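Trainee: One structure follows; several queries about it will come next.
The values are calculated or read from the model by the stated rules, or taken from the named source; none is laboratory data. Source: prediction; values computed, not measured. When we count neighbours, we look across all protein chains shown, and the Cβ atoms used for this are built from the backbone with ideal geometry, even at glycine.
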Amino acid sequence: MGPLSSPAPLRQALSTPERVPDQLRRRQPQRIPASVWVAVENLQFSCKMTARTQGGCKQNETLSVASYSHTRRTVRVRLRIQVAVHSTRLGLPVAGYIFNGDTVEGNCSYYTVSSPRGGRTNHYQTCTWDLYGNLISTTPVSSEPVAPPVLSTSGTEIIYAINGSSSTGQDARGFGFVSTPSAHYSWQTVNGGYADIPFAPYTIAVTLISDGDFPLVFDSASVTTSGSYYTPSGGKAAITANTCPSSVPAGSTCSLTITYHVRTIRCTTSPYGFGYTGIELSIITDSEMTTNWSERFTVTGMPICND
């Protein structure tokens, strides 16, 4: 097996192909590395085959699950499960079996049952993922892929292959994973929040934590603004202080201070003097994850534009 092409370490979820009823949709997590635990759970879905059923699966629809939780140096991700649903039940065990260059190959077979009393149909296939758990391709096969010998176990993890400091396999609960050490960061300041602010300069310190396996290489940061119907221009904002060094040690924090010059918006077309705007902070690092920080505002007491 060839060496890993990506120096970035991480643990992430192995994903598979699909689509979901609106009631089951979840916002897809962004690419999340750093000991990133790529997990796709062994699923059992029950769906009623009627267009009237609000939460049920309809013919030819697909299901997906996406969520993640984060702990120090580890991100656990239940990644996209993309499988066409033509029946009432579906089982999807996922496991990484081997490394092939900078990809992981393994089992992503599933089965369907056409009705509670119907027969079971097996859909055997192999999947190829990148080192961050993103699905690259699926290949139908005639029989279920055979798992290679177990190399070792760690807690609930069954490890089938090791490549350098990376490993892949399956959790005892049915999750497939690939684990590669990497730099990683998370926002400690609430991300995606909302605030009411007056028509005056607004300042906020945004803190991040370097919570990966390695120090986070911090290159640069920038901030942008956005407006809305009543205030097409979001005005101007600037980073006025930065405590982040070029290398942020694992386990440490640093902050960027943003000053939002609200008065540069000039006026609003809202008859009540409200403006609806936002700011977004982005940083460039060596982490495979890219998560911007943002906050939305209702600005009060703004001058009303004269037509």
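Trainee: Please go through the stretch 292-307 and pick out each residue that is within 19 Å of Gln188 (Cα to Cα) and in a strand (DSSP E or B).
Mentor: Those that are within 19 Å of Gln188 (Cα to Cα) and in a strand (DSSP E or B): Trp293, Ser294, Glu295, Arg296.
Trainee: For the stretch 129-146, state whether one or more residues are among the hydrophobic types (A, V, I, L, M, F, W, C), surrounded by fewer than 16 Cβ atoms within 10 Å (Cβ to Cβ), more than 13 Å from Ala95 (Cβ to Cβ) and out of contact with any Cys (no Cβ under 7 Å at 6 or more places or on another chain).
Mentor: yes
Trainee: While we're on this one: Restricting to the stretch 147-159, and then to whatever is surrounded by 15 or more Cβ atoms within 10 Å (Cβ to Cβ) and touching an Asp or Glu at 6+ places or on another chain (Cβ under 9 Å), can you tell me which residue is nearest to Gly96 (Cα to Cα)?
Mentor: My answer is Ile158.
Trainee: Output the qualifying pairs, or none if there are none: Cβ atoms under 8 angstrom, residues six or more apart or on different chains, first residue in the stretch 263-290 and assigned by TED's automatic domain parsing to the domain that holds Ile239 and within 28 Å of Ser246 (Cα to Cα), second residue charged (D, E, K, R) and buried (at least 19 other Cβ atoms within 10 Å of the Cβ).
Mentor: Here the result reads Gly278/Glu295; Ile279/Glu295, each pair linking the stretch 263-290 to a residue that is charged (D, E, K, R) and buried (at least 19 other Cβ atoms within 10 Å of the Cβ).
Trainee: Now for a separate question. Among all residue pairs at least 6 apart or on different chains, which show Cβ distances below 7 Å where the first residue, located in the stretch 152-177, is assigned to a loop (DSSP other than H, G, I, E, B) and the second is at pLDDT 85 or above?
Mentor: Ala172/Thr156; Ala172/Ile158; Arg173/Thr156
Trainee: Of everything in the stretch 200-218, what is surrounded by fewer than 18 Cβ atoms within 10 Å (Cβ to Cβ) and over 15 Å from Ser282 (Cα atoms)? Give them in sequence order. Give the derivation first.
Mentor: So the first thing to find is which residues in the stretch 200-218 are surrounded by fewer than 18 Cβ atoms within 10 Å (Cβ to Cβ), and the list is 200-201, 203, 205, 207, 215, 217.
Those that are surrounded by fewer than 18 Cβ atoms within 10 Å (Cβ to Cβ) and over 15 Å from Ser282 (Cα atoms): Ala200, Pro201, Thr203, Pro215.
Trainee: Quick check: anything in the stretch 216-229 touching a helix residue (DSSP H, G or I) at 6+ places or on another chain (Cβ under 7 Å), in the same structural domain as Thr285 (by TED's automatic domain parsing) and of a type in the set (S, T, N, Q)?
Mentor: Checked against the condition, which is being touching a helix residue (DSSP H, G or I) at 6+ places or on another chain (Cβ under 7 Å), in the same structural domain as Thr285 (by TED's automatic domain parsing) and of a type in the set (S, T, N, Q), the stretch 216-229 yields no hits at all.
Trainee: Which one is surrounded by the most Cβ atoms within 10 Å (Cβ to Cβ) among residues in the stretch 106-128 that are modelled with pLDDT of 85 or more and among the hydrophobic types (A, V, I, L, M, F, W, C)?
Mentor: Among them, the one singled out is Cys108.
Trainee: Okay, next question. Against the condition buried (at least 16 other Cβ atoms within 10 Å of the Cβ), closer than 22 Å to Ile304 by Cβ, aliphatic (A, V, I, L, M) and touching a residue at least 60 places away in the same chain (Cβ under 8 Å), how does Ile197 come out, does it pass? Working first, answer last.
Mentor: Details: buried (at least 16 other Cβ atoms within 10 Å of the Cβ): yes; closer than 22 Å to Ile304 by Cβ: yes; aliphatic (A, V, I, L, M): yes; touching a residue at least 60 places away in the same chain (Cβ under 8 Å): yes.
In short, yes.
Trainee: On to the next question. Of all residues in the stretch 160-194, how many are polar (S, T, N, Q) and surrounded by fewer than 17 Cβ atoms within 10 Å (Cβ to Cβ)?
Mentor: Going through the stretch 160-194, the residues polar (S, T, N, Q) turn out to be 163, 165-168, 170, 179-180, 182, 186, 188-189, 191.
If we keep only those that are surrounded by fewer than 17 Cβ atoms within 10 Å (Cβ to Cβ) too, we end up with 165, 188-189, 191.
Total satisfying the criteria: 4.
Trainee: Would you please name the residue that is nearest to Thr298 (Cα to Cα), looking only at residues in the stretch 178-218 that are part of a loop (DSSP other than H, G, I, E, B) and aliphatic (A, V, I, L, M)? Walk me through it before giving the result.
Mentor: So the first thing to find is which residues in the stretch 178-218 are part of a loop (DSSP other than H, G, I, E, B), and the list is 181-184, 188-192, 199-201, 211-215.
Now drop any that are not aliphatic (A, V, I, L, M), which leaves 183, 190, 200.
Details: Ala183: 35, Val190: 17, Ala200: 12 Å.
Of everything passing the filter in the stretch 178-218, Ala200 is nearest to Thr298 (Cα to Cα).
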